[in-house]
Amino acid sequence: MSSAARGTSAPDAAERPREEWTGQLGFILAAIGSAVGLGNIWRFPGVAYENGGGAFLIPYLVALITAGIPILFLDYAIGHRFRGAAPTAFRRLGGPRHGRWLEGLGWFQVAIAFVIGLYYTAVIAWAASFFIFSFDLRWGDDTQAFLLNDYLQVGEPGFSLEFVPGVLIPLAIVWIAVIAVLAAGVAKGLQRANLIFLPLLVVAFLILVVRALFLDGAADGLNALFTPDWAALANPDVWIAAYSQIFFSLSIAFGIMITYASYRRRRANLTGPGLVVAFSNSSFEILAGIGVFATLGFFAFEQNVSVADLEGLTGVGLSFITFPAIVSQMPGGPIFGALFFGSLVMAGFTSLLSVLQVVSAAIQEKTGLSPRRAAVALGVVSAILSILLFSTTTGLIALDTTDHWANNIGIVASAIATSVLVIWVLRKGGELRFHLNAVSTFRVGRVWVFLVGGLAPVVLTYMLVTRIIALLIDGYEGYPGEYLAVVGWGTVLLLVVAAVVLPLVPWKRRPDDFTAWPPVDEASATTLLARRKDAR
């Protein structure tokens, strides 16, 4: 096979062979491991409950089909066709004329992943600590005071060097584990970790859900979650909440799936596994909803109140305040707590690996470093910053603020820019659609281009504009405006600076000598389709 057919030119032949997943199963498990994260467990149940209960599943499914899966396919097509992490892939997609400035979009996504990795690690460290605390119910009767005062020792908004040993030590351990896995590479590191942790996560969470279903009051909790409020469907905010949930839970639009798809072999099915990943992620979210609300039903029963009267139904409050209180009251609480926090650790760890692989792969391709050296360099720098920012008395507030801006501003802006630039400015929709259909079993039609380039940007732009207006007018969580300007908007500024500056850094090996495969012309399309028919 010629170098062009392989998607490289002659100068690339002497380079280190690109890492690959060992097969389709490895890729699927890694992609599911990335998508199934903390948000599936602590965000979806509360969002569904607050936005129509059972009726929320309708806009949720619509959002999955019209935005989640199409953008997932877009990421797959870009990564697989142009064989690189986000900066490399976007540079090659832009070609000689547009590649240099389009590379900046890739670095914007890498910067998002870098920022998320810094604080995501801290949450995993909290979950690991609470896994240990579960065995002796160390949080006592006042779980909120334990989390905020005893464990995190939360101070005022600002920057502090007053470290909290109970957070710093597990945070350092998590970083050591992350560096070890990333240094082992794609097949021996990422894939092997997901082969171990993802089945363990599913088994542990299934045990947790089955146990929750037999608790007193579980039926009341499930009724609270799934009883449909059909009137909610007339509220535009409910539909926006559905698109937001799908968008944030699938690990799309900030480099993960571009990077993961680039490690697939040339003749690798993309759309079929993509559907498996998307629906597996949604299935786990629904499973998490069942487990969480069955448990909340028990909590309401024990307190002789309705589920509607409970507080802390999402996020940090649900996981580290409400659930410990529930564990303290239920039969076999320590085991249940260990299962819950163990599940958080495993779900978070597999997602964290995918987030940091985005950065590691970009570093490898830009500098020519090996996976091991890139992982160590990234891990050491990230660990230092993560410990300085999130293991101190101001860590919780910094985490909350950074997370809100990185997700609601950074990722949404990235998705809009990707859709508009790729589909409308560069007119690459047809080429990427051809690529998906050339290598995949499930074919996408022209409607896919419309969804990616039309519907998705409209919905996401509305989300972005309304969020920016709300943050500018109302602020966030009552934090001081000066603090939000530095930490919140400062995070966005950091992403923009990375997008402008990093493309100026010289490449160790220029990625421009590249020919995408298969070539987009009628003859090659006919040949590929004939081969696929013969193979069947």
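Across the range 430-443, coupling constants 3J(HN,Hα) worked out from phi with the 6.51/-1.76/1.60 Karplus curve, θ = phi - 60°, read x, 5, 5, 5, 4, 4, 4, 6, 5, 10, 10, 8, 8, 8 Hz, and Gly and Pro carry x.
Neighbours of P96, meaning other residues whose beta-carbon lies under 15 angstrom from its beta-carbon, give a summed charge of +3 when Lys and Arg score +1 and Asp and Glu score -1.
Computed on the Cα atoms alone, the convex hull of the range 25-180 gives a volume of 209 cubic angstrom per residue. Residue by residue, the range 247-254 carries 3J(HN,Hα) couplings of 4, 7, 8, 8, 6, 10, 6, 9 Hz when phi is fed to the Karplus relation 6.51 cos²θ - 1.76 cosθ + 1.60 (θ = phi - 60°); x denotes Gly or Pro. A 1.4 Å probe run over the chain, with the rest of the protein chains in place, finds 39 Å² accessible per residue.
Put simply, the C-alpha atoms of the chain give a gyration tensor, and the ellipsoid matching it has half-axes of 38, 26, 22 Å, longest first. Taking amide H positions as modeled 1.01 Å from N, with prolines and chain starts lacking one, the residues under 5 Å from T392 and 5 or more places away or on another chain are V164.
Report in % the part of the accessible area of the chain that belongs to carbon and sulfur, leaving out ligands and nucleic acids; probe 1.4 Å.
Values: 13550 of 20940 Å².
Of all accessible area on the chain, carbon and sulfur atoms account for 65 percent.
Axis of helix 456-474 versus longest Cα principal axis of the chain: the two differ by about 40°, to the nearest ten degrees.
I need to check one value: relative contact order of the chain, counting alpha carbon pairs closer than 8 Å and at least 6 residues apart, in percent.
Relative contact order of the chain: 33 percent.
At 222 nm, what helix-only mean residue ellipticity would the chain give, in deg cm²/dmol to the nearest 500, using -39500 (n - 2.57) for each DSSP H run of four or more? Please report the intermediate quantities before stating the final value.
Numbers: 22 runs with 340 residues, N = 536.
Roughly -21000 deg cm²/dmol at 222 nm, from the helical runs in the chain.
Taking the average, over residues, of other Cβ atoms within 10 Å as the packing measure, peptides 52-63, 299-310 rank 52-63, 299-310 from highest down.
Working ranking of peptides 361-371, 495-505 by packing, defined as the average number of other Cβ atoms within 10 Å per residue, highest first, is 361-371, 495-505.
Place the peptides 311-317, 101-107 in order of packing, highest mean first, counting for every residue the other Cβ atoms within 10 Å and averaging per peptide.
Values: 311-317: 17.0, 101-107: 24.0.
Highest-to-lowest ranking by the protection proxy: 101-107, 311-317.
Output the 0 to 90 degree angle, nearest 10, between the alpha-carbon long axis of helix 69-82 and the longest principal axis computed from the alpha carbons of the chain. Helix 69-82 and the main axis of the chain meet at about 40 degrees. Rounded to whole numbers, the Karplus 3J(HN,Hα) couplings from phi for the range 507-518 are 7, 5, 10, 4, x, 6, 6, 8, 10, 5, 10, x Hz, using 6.51 cos²θ - 1.76 cosθ + 1.60 with θ = phi - 60°, and x at Gly and Pro. To the nearest 0.05, what FRET efficiency results for E311 and V425 with a Förster distance of 60 Å applied to their C-beta separation? It comes out at approximately 0.80. Normalising the Debye intensity of the range 281-327 to I(0), with uniform scatterers on Cα atoms only, and taking log10 at q = 0.16, 0.18, 0.22 Å⁻¹ returns -0.42, -0.53, -0.76.
The values are calculated or read from the model by the stated rules, or taken from the named source; none is laboratory data. In this text, all values refer to a predicted model and were calculated from it rather than measured experimentally. A quick note on method: Cβ atoms are made from the backbone with ideal geometry, for glycine too, and the neighbour counts reach across all protein chains shown. For accessibility, only protein heavy atoms count, side chains too; no ligands or nucleic acids. Shrake-Rupley method; radii C 1.70, N 1.55, O 1.52, S 1.80 Å.
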